[in-house]
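Since every read-out is calculated from the coordinates, none of them should be taken as a lab result. Predicted model only: the values in this text are computed from it and were never measured. Note that each Cβ is placed from the backbone with ideal geometry, even for glycine, and that neighbours are counted across all protein chains shown.
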Amino acid sequence: MISVGPGVTRFKVGDAVFGSAKIKNGGALGEAVIAPETFLARKPGSVSFEEAACLGTPGITAWNGLVDKANLQAGAKVLINGCTGGVGESAGQIARMLGAEVSGSCSAQQKGRAEQLGVTQVYDYRTTDISKIADRFDVVYDTAGTMTVAAGLGLLRKGGVYLDINPTPGKFIRAVFDRRLKPIVCTARNDILDGLARSASDGKLRLPVALTVPLENAIALVTALEQGRKLNGKAIVSMP
């Protein structure tokens, strides 16, 4: 923290923090960024800056869906489409912390990683049509953004909730008439970020860092990812 505005009470200059920023502020590849107090939390001492950088948006989005929208309870059955992506990894670990039974879809190559995260039933999305599996769930979270609304709703038990990570005006309108559909918009709050910090400090929430590059290599990294490079974890750009 290099500066605080008037009225800020949670932080002081010199604090190590993590979190998110408003879209209009940008600054993902900037050496400094302005963020509201409600978008930040103190970085636990046991968590590196690189690890903390992975927690913000994925963790907030996972929490928004599972806790805020689905009110996930212990014993619930959850299906996470894209369970080894950024939001998917966070969602799986948070669901497990809340006592849910977690199933998920990913590629066959990522099955072992999914199981390490606590996913008990792993479906290979390349060989399995997720919309046609026999099981039914209390919560279906499409963190990959590849399911249709009809497919997601079709996998629900009575009273279940389908969380859609790709909100559109049409989906918001449909959600007014079908309460099972919950479009998700990443919305940061102090209680969410503090919860993520505690979970990371306790070792219950970890998003693996696959690669760290210096700022001067950031464009090359983004280009490689756009061209299809796959990583077993998050890519971090280190500031000078």
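Couple of notes before you dig in:
- Zone residues, region 95-114, relative to ASN232, backbone N less than 20 Å from point 7 Å out along Cα-to-Cβ: 104-114
- Sorting MET147, MET1, MET97 from the fewest to the most surrounding beta carbons within 10 angstrom yields MET1, MET97, MET147.
- If R0 is 30 Å, the Cβ-Cβ spacing of ILE2 and ASP202 corresponds to a FRET efficiency of close to 0.55.
- Simple point charges give the picture: +1 on the Cβ of Lys and Arg, -1 on the Cβ of Asp and Glu, and for the chain a dipole about the Cα centre of about 520 debye.
- Cα long-axis angle, helix 49-63 against the chain (0 to 90 degrees, to the nearest 10): 40
- Residue order, fewest to most beta carbons within 10 Å, for LYS234, LYS158: LYS158, LYS234
- Amide H contacts of TYR123: GLY104, SER105, CYS106, each under 5 Å away and 5 or more positions distant or on a separate chain (H built 1.01 Å from N in the peptide plane; Pro and chain starts excluded).
- Options ASN25, ALA188, ALA74, ranked by Cα towards positive dipole end of the chain, top entry (Cβ charges): ALA74
- Normalised contact order of region 66-197, rounded percent, pairs of Cα under 8 Å and 6 or more residues apart: 20
- Over 27 Å apart at the Cα level, from the set LYS24/LYS182; LYS111/LYS158; LYS69/LYS204; LYS43/LYS171, are LYS111/LYS158; LYS43/LYS171.
- Placing a pseudo-label 7 Å from each Cα along the Cα-to-Cβ vector at ARG10 and PHE49 gives an inter-label distance of 2.1 nm.
- GNM flexibility winner over the chain from VAL161, VAL185, VAL87 (Cα, springs under 10 Å): VAL185
- By the helix-only formula, in which each DSSP H run with n ≥ 4 contributes -39500 (n - 2.57) and the sum is divided by residues, the chain has a 222 nm mean residue ellipticity of -8500 deg cm²/dmol.
- Residue among GLN93, VAL140, VAL119 farthest towards the positive dipole end of region 71-183, charges placed on Cβ: VAL140
- By average C-beta atoms within 10 angstrom, highest first, the peptides 127-139, 165-177, 72-84: 72-84, 127-139, 165-177
- Cut-off under 5 Å, modelled amide H: who pairs with SER238 long-range: VAL213, LEU215
- Rounded Å value of the spacing that divides the Cα centres of region 21-51 and region 87-163: 29
- For GLU101, GLU31, the sequence from fewest to most other C-beta atoms within 10 Å is GLU31, GLU101.
- Modelled FRET efficiency - R0 22 Å, LYS132 with ARG157, Cβ distances, 0.05 increments: 0.85
- When each of the peptides 9-15, 33-39 is scored by how many other beta carbons lie within 10 Å of its residues on average, the order from highest to lowest is 33-39, 9-15.
- A Förster radius of 25 Å, combined with the Cβ-Cβ distance separating ARG189 from ASN71, puts the computed FRET efficiency at roughly 0.95.
- Of GLY45, GLY56, GLY118, the one that fluctuates the most in a GNM where the chain has Cα springs shorter than 10 Å: GLY45
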